[in-house]
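The values are calculated or read from the model by the stated rules, or taken from the named source; none is laboratory data. Owing to the predicted nature of the structure, the values given are computational and were not obtained by experimental measurement. Glycine also receives a Cβ, built like all others from the backbone with ideal geometry; neighbour counts cover every protein chain displayed. Protein only, heavy atoms only, side chains kept; ligands, DNA and RNA dropped before computing areas. Shrake-Rupley method; radii C 1.70, N 1.55, O 1.52, S 1.80 Å.
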Amino acid sequence: MERDMEMKKSKFKRICVFCGSSQGKKSSYKDAAIELGRELVSRNIDLVYGGGSIGLMGLISQAVYNGGRHVIGVIPKTLMPREITGETVGEVKAVADMHQRKAEMARHSDAFIALPGGYGTLEELLEVITWAQLGIHDKPVGLLNVDGYYNSLLSFIDKAVEEDFISPSARHIIVSAPTARELMKKLEEYFPRHEGVASKQSWETEQLGYPPKCDISR
């Protein structure tokens, strides 16, 4: 227990977690969300997430909040009746649409982690991977591969590398591990190996609509 509660120094202040509004079929998914929340707390890292109070989103936000860390939830106004039941924890930022949600989550975060989830989780994950490939940011992207949940996705990505649709250097944008502790260690050690196609400031101002002072890149 002492080892679990030991505070570790991290280079990250906030991490964005993408995850399902469902808890999934296996109890291991729920356990992983809580474990990741506690791992963030142990490293003094705040949480940025999709703002829902149900499913894995509710579990990880509650775990981080109960541990005394700040929680920022970003949610489109139209999804609030569906993804929020009862009281939310921490700070809730209501935004206009899904694009603004992803940009706002990215702007507040130093890294990204995907827990198991469905279409929404996958879409958010692939967008931040693409942003990294294009040079919009150089923040690490991690998959918490609980019980091999993302094995098929990783196989697809490896196949895309093999067929020259993804460069070998861009393959290193994604790091994965089966446990929260192992994943956090890899994210702490991450450094980008790929080449971006445009300057970060150019992407922020022209593509994402942020003024130069808004730092989505780092």
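In table form, for the structure just shown:
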quantity: Helices (runs of 4 or more DSSP H) wholly inside region 20-96 containing at least 3 residues that are in contact with a strand residue (DSSP E or B) (Cβ under 8 Å, 6 or more places away or on another chain) and either surrounded by 20 or more Cβ atoms within 10 Å (Cβ to Cβ) or without any contact (Cβ under 8 Å) to a residue 12 or more places away in the chain (or both); calculated: 27-42, 55-66
quantity: Flag if ASP110 is in contact (Cβ under 8 Å) with a residue 40 or more places away in the chain and more than 17 Å from GLY50 (Cα to Cα); calculated: no
quantity: Meets criteria (touching a Pro at 6+ places or on another chain (Cβ under 6 Å), assigned to a helix (DSSP H, G or I) and either within 24 Å of LEU59 (Cα to Cα) or modelled with pLDDT under 95 (or both)) for ARG181; calculated: no
quantity: Qualifying positions in region 187-213 - surrounded by 15 or more Cβ atoms within 10 Å (Cβ to Cβ) and either at pLDDT 95 or above or assigned to a loop (DSSP other than H, G, I, E, B) (or both); calculated: LEU187, GLU188, TYR190, PRO192, HIS194, GLY196, LEU208, TYR210
quantity: Counted residues, region 105-124 - those being assigned to a helix (DSSP H, G or I) and surrounded by 22 or more Cβ atoms within 10 Å (Cβ to Cβ); calculated: 3
quantity: Region 132-161, residues that are free of Cβ contacts under 8 Å to residues at least 60 places away in the same chain and assigned to a helix (DSSP H, G or I); calculated: GLY148, ASN151, SER152, LEU153, LEU154, SER155, PHE156, ILE157, ASP158, LYS159, ALA160, VAL161
quantity: In region 167-177, the residues that are open to solvent by 20 Å² or more (accessible area, probe 1.4 Å) and under 22 Å from GLY117 (Cβ atoms); calculated: ARG171, VAL175, SER176
quantity: Members of region 36-76 found to be within 15 Å of the chain's Cα centre (by Cα) and charged (D, E, K, R), listed by number; calculated: GLU39, ASP46
quantity: Qualifying residue in region 174-185 (condition: touching a residue at least 24 places away in the same chain (Cβ under 8 Å) and either out of contact with any Gly (no Cβ under 9 Å at 6 or more places or on another chain) or farther than 21 Å from PHE18 by Cα (or both)); calculated: yes
